[in-house]
Amino acid sequence: MLVTFIRHGESTDNLRPVWAGWADAPLSNHGMNQARALGQHWASTRIDTVYCSDLKRAHSTAKALVAGQPDSTSLEPIVTPLLREQNFGIAEGKPWAAAPDSSPNAKSEAEQVYYTIHTRHGKFEDGESLDDLARRAEEAIDTTVWPHVVEALRPRKSAAANDAGERPEDAHIVLVSHGLAISELAAALLRRSPPGAESSPHTRNPRSLRGLPNTGWTQVCIDIQPVTPDPATSATVDDTEEAPLVQMKIESIYLQSVNNSPHLRHVKRQSGGIGSAAHDEKQRQLREFFGGGGTSSSSS
């Protein structure tokens, strides 16, 4: 089973140095072009189910992805607020700035600038901490990905594919969400790998899933296999008896790929406006932060 986490296209708030979590900005023109390119890129890849955040930038991206599918009429994005970005509370829409570790305050009263917070438990008033976001990510995985896993684990008469050539464990599930949310969502899913399976360092440090560009994706594989019967305890079945049901199990859950965006090579920003603006170091820091990595000095 493959789970693909896709970050939304560029929003109008992504073009401004502001805190943009639950603030519901739409896609920019460039973001819409990114989303269309995403749909074209995935047109030849089967997608079984799409979930998305209810915020405009994610929902619009999900709809563009689905529009690229050959049978788009039978695939409708399932919208859930559990896939929203981190809530920045009173800082929403306010000026964003990266703060050094020595910064004593999360906000500069004189400048009305809200600086980044360097702990997982810290948060702005009325907002969420990264720990809060991680708990919501667990709930999101419970309600989106995990029901498909439970279905694939049901005992069955045969582990072979059905008449349509499909097996529940081969499903491809897509979650269209946001940069910081995806780093916690992917880590939450990786933590569910069974004991004894090789663990991923990303489960301990979600910041290592950093840097997801707009409409970029990260993929996690859930390896579900039939349980091999123990010959010593397996009963002999004669021709008059039905064979026992095949039991299924999760072998491992592992990171398959990180930060993919080959479709963006051919997406060019239109000339004029922000596309012709001079390089701004704050914009680079802003992209990194909302791409899911926080600031380079942030602790996890």
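Do we find a residue being in contact (Cβ under 8 Å) with a residue 40 or more places away in the chain, part of a loop (DSSP other than H, G, I, E, B) and open to solvent by less than 10 Å² (accessible area, probe 1.4 Å) anywhere in the range 56-66?
Checking the range 56-66: not a single residue is in contact (Cβ under 8 Å) with a residue 40 or more places away in the chain, part of a loop (DSSP other than H, G, I, E, B) and open to solvent by less than 10 Å² (accessible area, probe 1.4 Å).
Of all the helices (runs of 4 or more DSSP H) wholly in the range 105-199, which have at least 2 residues that are β-branched (V, I, T) and either within 22 Å of the chain's Cα centre (by Cα) or modelled with pLDDT of 90 or more (or both)?
Output list reads 130-143, 146-152.
Among the numbered criteria (1) under 15 Å from the mean Cα position of the chain (by Cα); (2) of a type in the set (S, T, N, Q); (3) buried (at least 21 other Cβ atoms within 10 Å of the Cβ), which one does Q34 miss?
Unmet condition: (1).
Inside the range 23-42, can you point out the residues that are at pLDDT below 95 and in a loop (DSSP other than H, G, I, E, B)?
A23, D24, A25, P26, S28
The values are calculated or read from the model by the stated rules, or taken from the named source; none is laboratory data. Keep in mind that this is a model prediction, so the values were computed, not measured. Backbone-built Cβ (ideal geometry, glycine too); neighbour counts: all protein chains shown. Quick note on the areas: whole protein, heavy atoms, side chains included, nothing else; ligands and nucleic acids left out. Shrake-Rupley method; radii C 1.70, N 1.55, O 1.52, S 1.80 Å.
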